[in-house]
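All remarks here apply to the structure that follows.
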Amino acid sequence: MDRSPRISGWCNEETGELYKGFPVSESDVVLDVGCGGGGNAAFCARQGAHIVFADIDQAMVEETGRLLQGTPARKIEAIVTDADPLPLPDETFTRIVSTEVIEHVADPMVFLKELVRVGKPGALYLLAVPDPASEAIFKQIAHPSCFEPPNHIRILGRDEFAQLVSNPCAN
């Protein structure tokens, strides 16, 4: 079975979509919070966007920076931060990506409000957390430290996640 990112809905170079319904173009200013190894930022950079990538881990920021070198990104900026708060101006970004980060942060609502603060009106957000079923399996085999700060400090059910992200500024 082909499990390539494109087959699973991710990284469609033909349509310029990081994920289905999440197009990225050279006119976008993209923030990738919790950039990890840089896969999402690299896709956005290949679309020619202005990329700001951030992570709490200096090594991940450096790795992403290396990955983005030589891409057609309009501009590349790196930030080491815990995102509380994000050291960025209000209403800056047209696309905000944060995958598999919310389960790490001390207060998800504070984190989401920061993402909204830095997003321009009409910005698109791509947010994801691990599925509770995979987390349950992982918890059985992983060292207990994997579920302590700065790692996964919460498991979000689907309904809880949907409620959390549906209107973070109302809470």
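Within the set of pairs 6 or more residues apart or between chains, which connect a residue that is over 20 Å from E103 (Cα atoms) inside segment 33-58 to a residue that is in a loop (DSSP other than H, G, I, E, B) and among the small types (G, A, S) with Cβ atoms less than 6 Å apart? Filtered contacts from segment 33-58: A45/A73; Q47/G16; Q47/S25; I51/A73.
When the residues of segment 1-50 are narrowed to those that are touching a Gly at 6+ places or on another chain (Cβ under 7 Å) and surrounded by fewer than 17 Cβ atoms within 10 Å (Cβ to Cβ), which ends up modelled with the lowest pLDDT? Outline the logic, then answer.
Initial filter on segment 1-50 (touching a Gly at 6+ places or on another chain (Cβ under 7 Å)): 19-20, 23-26, 47.
Among the residues that remain, those that are also surrounded by fewer than 17 Cβ atoms within 10 Å (Cβ to Cβ) are: 20, 23, 25-26.
Numbers: K20: 94, P23: 98, S25: 98, E26: 98.
Taking the candidates together, the pick is K20.
For segment 49-76, how many residues are out of contact with any Leu (no Cβ under 9 Å at 6 or more places or on another chain) and farther than 17 Å from V24 by Cα? Explain how you work it out, then say what you get.
Initial filter on segment 49-76 (out of contact with any Leu (no Cβ under 9 Å at 6 or more places or on another chain)): 49-50, 55-75.
If we keep only those that are farther than 17 Å from V24 by Cα as well, we get 55-67, 69-70.
Residues flagged as out of contact with any Leu (no Cβ under 9 Å at 6 or more places or on another chain) and farther than 17 Å from V24 by Cα within segment 49-76 amount to 15.
The single residue among I96, I76, I102, I137 that is surrounded by fewer than 17 Cβ atoms within 10 Å (Cβ to Cβ) and not basic (K, R) turns out to be I137. I141 meets the conditions (1) under 25 Å from G21 (Cβ atoms); (2) modelled with pLDDT of 90 or more in every case but one. The failed one is (1).
Would you confirm whether any residue within segment 56-72 is surrounded by 17 or more Cβ atoms within 10 Å (Cβ to Cβ) and among the small types (G, A, S)?
Just the residues of segment 56-72 that are surrounded by 17 or more Cβ atoms within 10 Å (Cβ to Cβ), to begin with: 56, 60-61, 64, 67-68, 71.
Going one step further and asking which of them are among the small types (G, A, S), we end up with none.
So far as segment 56-72 goes, no, none of its residues is surrounded by 17 or more Cβ atoms within 10 Å (Cβ to Cβ) and among the small types (G, A, S).
Among the residues here, F161 does not qualify as outside any helix (DSSP H, G or I) and touching a residue at least 24 places away in the same chain (Cβ under 8 Å). Within segment 59-78, the set of residues being under 19 Å from E100 (Cβ atoms), over 16 Å from the mean Cα position of the chain (by Cα) and in contact (Cβ under 8 Å) with a residue 24 or more places away in the chain comprises just one member, L67.
The values are calculated or read from the model by the stated rules, or taken from the named source; none is laboratory data. Owing to the predicted nature of the structure, the values given are computational and were not obtained by experimental measurement. So basically every Cβ, Gly included, is an ideal-geometry build from the backbone, and we count neighbours across all protein chains shown.
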